[in-house]
């Protein structure tokens, strides 16, 4: 068991510290989601996933997967569970791709863009469940909410990017 | 030896920072422009494709499907432009609800209350047989339109 190649690779890759960080990331995502759940179209999950992916790298993808799993356990499995399965990993992957960017304006515009496209990305599921017409109608009906979502994402990023990045960078470099 | 490492690290970090700022400049411009373009596009789409209310006389059918799956059909003639207004005019159809974050939210129809937090039940709106995309308050009605208020429960138990 000890010599199993998987064990060796895992032992090299993930330390206790990594596991603790993952736990903190998932806790922050869950708590952040719950704390703002009463405000429609305002959420901090996008902000957190962007920051985790841009600073902690691919490790954040595991946090996103665990977050989605916890969501599945906490809430009734529904259509939006399927949306979560690709929306948050896609966000983490894109943020990781742009990790070299360090401008608050870039990330504010990026998170705004993700909010604006959120409804469109969610609507993909409806293409398969109810057909393209329903998907488009659903998307169009939700555009006002996508706009609020994008603008609120932008404001959250503008306010929190610099201080949070500083803290994350400080602990990540230790 | 220690000093050399520090200097090297500092120089390396500085060049990285310069590189990042340069990349940030171009990337930022693209991201900002893309966000602005998407806003404009979304507003145009919303204005062009949102269903518009029809003025004047309209004949509509409203079907109520209760918690036992029993249908009651109401034929109604109205000048109302939105479904909520029209449904409120119908005799024998008693609607209660509350103003929620997304507009009027139906809680009770003819004494039957749907409460998602209790048993994942809710009142669904169907428009011409399709699941509605709008709240009852912002669903425009059209002549010969078929609308349905259906007591539904989420498949998850």
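Give just the number: which of (1) under 22 Å from residue B:130 (Cα atoms); (2) more than 10 Å from every other protein chain (Cβ to nearest Cβ); (3) at pLDDT 95 or above does residue A:127 not satisfy?
(3)
Can you report the number of residues in region B:20-42 which are modelled with pLDDT under 55 and either within 8 Å of chain A (Cβ to nearest Cβ) or surrounded by 12 or more Cβ atoms within 10 Å (Cβ to Cβ) (or both)?
Counting residues in region B:20-42 that are modelled with pLDDT under 55 and either within 8 Å of chain A (Cβ to nearest Cβ) or surrounded by 12 or more Cβ atoms within 10 Å (Cβ to Cβ) (or both) gives 3.
Are any of the residues in region B:129-139 out of contact with any helix residue (DSSP H, G or I) (no Cβ under 7 Å at 6 or more places or on another chain) and at pLDDT 90 or above?
Taking every residue of region B:129-139 in turn, none turns out to be out of contact with any helix residue (DSSP H, G or I) (no Cβ under 7 Å at 6 or more places or on another chain) and at pLDDT 90 or above.
Hey, can you tell me all the residues within region B:71-103 that are within 14 Å of another protein chain (Cβ to nearest Cβ), surrounded by 12 or more Cβ atoms within 10 Å (Cβ to Cβ) and either outside any strand (DSSP E or B) or on the phi > 0 side of the Ramachandran plot (or both)?
Result: B:83, B:102, B:103.
When the residues of region B:140-157 are filtered to those that are assigned to a loop (DSSP other than H, G, I, E, B) and in contact (Cβ under 8 Å) with a residue 40 or more places away in the chain, which remaining residue is surrounded by the most Cβ atoms within 10 Å (Cβ to Cβ)?
B:141
Going by what's in this entry, would residue B:137 be described as within 14 Å of chain A (Cβ to nearest Cβ) and assigned to a strand (DSSP E or B)?
no
Would you confirm whether or not region A:91-100 contains a residue that is within 11 Å of another protein chain (Cβ to nearest Cβ) and within 18 Å of residue B:36 (Cα to Cα)?
No; the residues of region A:91-100 include none that is within 11 Å of another protein chain (Cβ to nearest Cβ) and within 18 Å of residue B:36 (Cα to Cα).
The values are calculated or read from the model by the stated rules, or taken from the named source; none is laboratory data. These numbers come from a predicted model, not from an experiment. Backbone-built Cβ (ideal geometry, glycine too); neighbour counts: all protein chains shown.
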